[in-house]
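Comments concern the structure below.
The values are calculated or read from the model by the stated rules, or taken from the named source; none is laboratory data. The model shown is predicted, which means the values in this text are computed figures rather than measured ones. Using ideal geometry, Cβ is built from the backbone for each residue, glycine included, and neighbour counts are taken over all protein chains shown.
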Amino acid sequence: MEDASKLQGALSGLCPRCRKGKIFKKPFYSPKGFDEMYEHCPHCGLRYEVEPGYFIGAMYVSYAISGGVALIIGFLLFYLGHDPAGWVYAAVVVPAMLFIAPINFRISRVIWLYYVAGINYVKGL
């Protein structure tokens with residue numbers, strides 16, 4: 001079996017070092033537990049949270065994703081909805097942010113692990 005590429009591993013939520021073990025215990029659409037991560041990679045043993053507060057930086061990634069999505073929704077409402085009242089923006093953007101929260105949580109942590117943390121892929125692990 002061929003190893004996953006960096007993008008494939010990130011999109012699949014696999015360990016950045018071995019690209020075989022899962023990062024999260026349950027699927028993102030689980031009503032409870034979408035945020036449960038393995039402490040160590042089930043395949044290679046990499047400790048995901050290197051130090052306490054390690055994923056605080058992922059909050060900045062999450063903020064950027066949320067801001068980008070809100071901005072796109074705002075532009076769409078402005079141009080396609082002919083600049084509706086302010087409450088319409090809030091009524092659309094707030095539920096959208098709540099809807100994407102579990103996905104955003106995971107994406108931001110995976111981006112943090114893959115592209116910011118400096119964890120190198122080890123072929124053959």
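A residue that is in a helix (DSSP H, G or I), surrounded by 15 or more Cβ atoms within 10 Å (Cβ to Cβ) and in contact (Cβ under 8 Å) with a residue 60 or more places away in the chain occurs nowhere in segment 50-60. Residues in segment 19-68 that are touching a His at 6+ places or on another chain (Cβ under 8 Å) and more than 20 Å from V116 (Cβ to Cβ): K20 only.
State yes or no: is F99 more than 18 Å from A10 (Cα to Cα), modelled with pLDDT under 95 and in a helix (DSSP H, G or I)? If you could, list the steps in order and put the result at the bottom.
Values: more than 18 Å from A10 (Cα to Cα): yes; modelled with pLDDT under 95: yes; in a helix (DSSP H, G or I): yes.
In short, yes.
Annotation note: of F55, F24, F28, F78, the sole residue that is modelled with pLDDT of 95 or more and under 19 Å from N104 (Cβ atoms) is F24.
Contact map, segment 90-119: first residue without any contact (Cβ under 8 Å) to a residue 24 or more places away in the chain, second residue surrounded by fewer than 16 Cβ atoms within 10 Å (Cβ to Cβ) and part of a helix (DSSP H, G or I), Cβ cut-off under 7 Å, separation 6 or more or different chains; pairs are V92/I73; V93/I73; V93/G74. The single condition among (1) of a type outside the set (V, I, T); (2) at pLDDT 95 or above; (3) closer than 27 Å to R19 by Cβ that D35 does not meet is (2).
Filtering segment 106-125 down to residues that are aliphatic (A, V, I, L, M) and assigned to a loop (DSSP other than H, G, I, E, B), which residue is farthest from S5 (Cα to Cα)?
Taking the candidates together, the pick is A117.
Report whether or not I65 is more than 17 Å from Y121 (Cα to Cα) and touching a residue at least 12 places away in the same chain (Cβ under 8 Å). Yes: the conditions hold for I65. When you check P16 against the structure, is it assigned to a loop (DSSP other than H, G, I, E, B), surrounded by fewer than 16 Cβ atoms within 10 Å (Cβ to Cβ) and touching a helix residue (DSSP H, G or I) at 6+ places or on another chain (Cβ under 7 Å), yes or no? Criteria not met by P16.
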